[in-house]
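Below: the structure, in structure tokens.
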Amino acid sequence: MDMSRRTVIAGAAAAGITAATIGSAHATRGRTPVKSLFGKLADGTKVYSWSLANGGTRMKVLSYGGVVQSLEIPDRRGHYANVSLGFDNIEDYVASSPYFGALIGRYGNRIGKGQFTLDGKAYQVNVNDGANSLHGGAKGFDKRVWDVEPFTKGSDVGLHLYYTSVDGEMGYPGTLKVKVTYTLTKYGDWRIDYAATTDKATVVNLTSHVYWNLAGEGSGTIENHELKIDASRYTPVDSGLIPTGELAPVAGTPFDFRRSKRIGEDLREAHQQLLYGKGIDHNWVLDKGISPRPEWIATLKDPSSGRTLRMASTEPGLQFYSGNFLDGTLVGTGGKVYRQGDALCLETQHFPDSPNKPSFPSTVLRPGQTYRSTTVHSFSR
Ligand code: BGC
């Protein structure tokens with residue numbers, strides 16, 4: 001994989017834009033992230049916002065949930081927009097966030113009935129989505145306060161985020177020590193490295209839940225974004241969005257994104273799977289499988305602004321969620337109401353309900369092992 005392909009710089013040069021206008025890129029390189037108070041939880045716990053900038057990308061990260069509260073990138077003319085949905089206050093995150101920008105754990109996506117058996121022992125984890133468990137249960141990693149440590153390393157800037165999930169939290173076995181590193185590179189790439197260890201056998205599936213709208217949060221539908229996913233199969237689900245276990249071909253279905261396709265193109269097909277998901281809310285089986293290093297998996301482009309997100313990951317799966325449950329009740333960072341389809345999520349992961357699907361890649365973590373996962377977000381215009 002060629003992570004050095006730099007269309008941001010190349011595109012800017014072609015458009016006659018100087019390095020200085022690309023951003024803060026060079027000015028901020030190596031600058032230590034800046035911390036400020038974002039708000040307080042009901043029990044008085046302070047929540048901080050960390051501002052980072054490098055290579056033309058600017059982001060704000062909260063100690064609450066490791067939330068990416070804002071992520072700004074330039075369009076083809078150099079105009080910045082915040083391309084990630086969020087709130088401007090901690091109260092809304094606590095009361096009503098549908099995982100905006102958050103770190104997800106212990107188990108990203110669903111576990112059927114919140115039940116699984118591990119080494120002959122039955123576990124019941126917290127059920128918070130109809131009959132099933134979603135994103136770690138009612139109080140997952142998205143609702144925990146993380147310890148945050150800023151760093152600069154060579155031309156990189158970033159944050160280490162730490163959280164220890166105690167044995168039995170949300171029903172999961174083992175004390176899980178989690179370290180997530182957010183890195184902004186000198187090219188403006190945002191890289192996430194996840195690591196975790198346990199003291200008892202458990203299951204782990206960590207991901208990030210950014211809601212992307214490359215035209216800018218609050219600017220309307222993402223149906224005109226174009227998406228390519230390097231996957232020939234997906235995991236069909238039942239009406240509760242639990243995989244049936246089948247790895248079905250995408251060929252000839254609305255799930256075929258092997259060639260870049262406008263997201264709205266097939267979204268209204270009367271396909272049973274789209275009815276179940278109220279749109280797209282499915283896991284793609286990436287052709288590359290699990291890889292020791294991040295490999296390119298998907299490209300999202302907003303033709304109107306030129307902003308493009310290219311993703312690489314070590315994970316075998318990608319949940320593409322087309323913002324189906326945004327219903328016009330939440331007011332975002334810029335004061336605009338978020339409606340259905342105003343953003344999409346691309347969550348790198350192991351497949352949903354893996355603890356109950358022996359044929360899926362395993363999500364079991366044992367003492368002495370280290371869970372590792374990496375996803376890179378590369379921006380261009
Ligand atoms: C899931 C959706 C869910 C959403 C919550 C997504 O990751 O796939 O089914 O509604 O998170 O906002």
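Close amide H partners of Ser232, meaning residues 5 or more places away or on another chain with modelled amide H under 5 Å apart, are Asp287.
What is the diffusion coefficient of segment 24-380 in µm²/s, taking the Kirkwood radius over Cα pairs and the Stokes-Einstein relation at 20 °C with a viscosity of 1.002 mPa s? Estimated diffusion coefficient is 105 µm²/s.
Segment 102-116 and segment 165-193 have Cα centres lying 15 Å from one another.
Per residue, the chain exposes an accessible area of 39 Å² to a 1.4 Å probe, with every protein chain left in place.
Available extension along the chain between Asp147 and Tyr80 is 21.2 nm, counting 0.36 nm per residue and deducting the alpha carbon span.
Out of the total accessible area of segment 24-380 (probe 1.4 Å, heavy atoms of protein only), what percent is carbon and sulfur? Ligands and nucleic acids excluded, carbon and sulfur reach 48 percent. For the pair Asp238 and Asp43, what calculated FRET efficiency results from E = 1/(1 + (r/R0)^6), where r is the Cβ-Cβ distance and R0 = 45 Å, to the nearest 0.05? Taking R0 as 45 Å, the efficiency between Asp43 and Asp238 is 0.70. In this structure, the residue pairs whose Cα-Cα separation is over 24 Å, taken from Lys113/Lys336; Lys228/Lys288; Lys139/Lys288; Lys40/Lys60; Lys60/Lys228, are Lys113/Lys336; Lys139/Lys288; Lys60/Lys228. Label separation (Ala195 vs Ala95): 3.9 nm, computed from points 7 Å beyond Cα along the C-beta direction. Taking θ as phi - 60° and the Karplus parameters 6.51, -1.76 and 1.60, the scalar couplings of segment 219-225 work out to 8, x, 6, 9, 5, 8, 5 Hz in sequence order, x denoting glycine and proline. Sorting Ser304, Ser313, Ser96 on solvent-accessible area from highest to lowest, probe radius 1.4 Å, gives Ser304, Ser96, Ser313.
Among His79, His271, the order of accessible area from largest down is His79, His271, computed with a 1.4 Å probe on protein heavy atoms. Annotation: amide H of Asn82 within the under-5 Å range of Glu217, sequence separation 5 or more or interchain, hydrogens built in the peptide plane. Compute the relative contact order of segment 24-380 as a whole-number percentage, counting only Cα pairs closer than 8 Å that sit 6 or more residues apart in sequence. Result for segment 24-380 is 18 percent.
Using the alpha carbons alone, the radius of gyration of segment 152-223 stands to its Kirkwood radius in an Rg to Rh ratio of 1.11. Once the chain from Asp287 to Lys261 is taken as fully extended at 0.36 nm per residue, the excess over their C-alpha distance is 7.6 nm.
The values are calculated or read from the model by the stated rules, or taken from the named source; none is laboratory data. Nothing here was measured: the structure is a model prediction, and the numbers come from that model. Every residue, glycine as well, gets a Cβ built from its backbone with ideal geometry; the counts of neighbours run over all protein chains shown. Remember, those area values only see protein heavy atoms, side chains included, never the ligands or the DNA or RNA. Shrake-Rupley method; radii C 1.70, N 1.55, O 1.52, S 1.80 Å.
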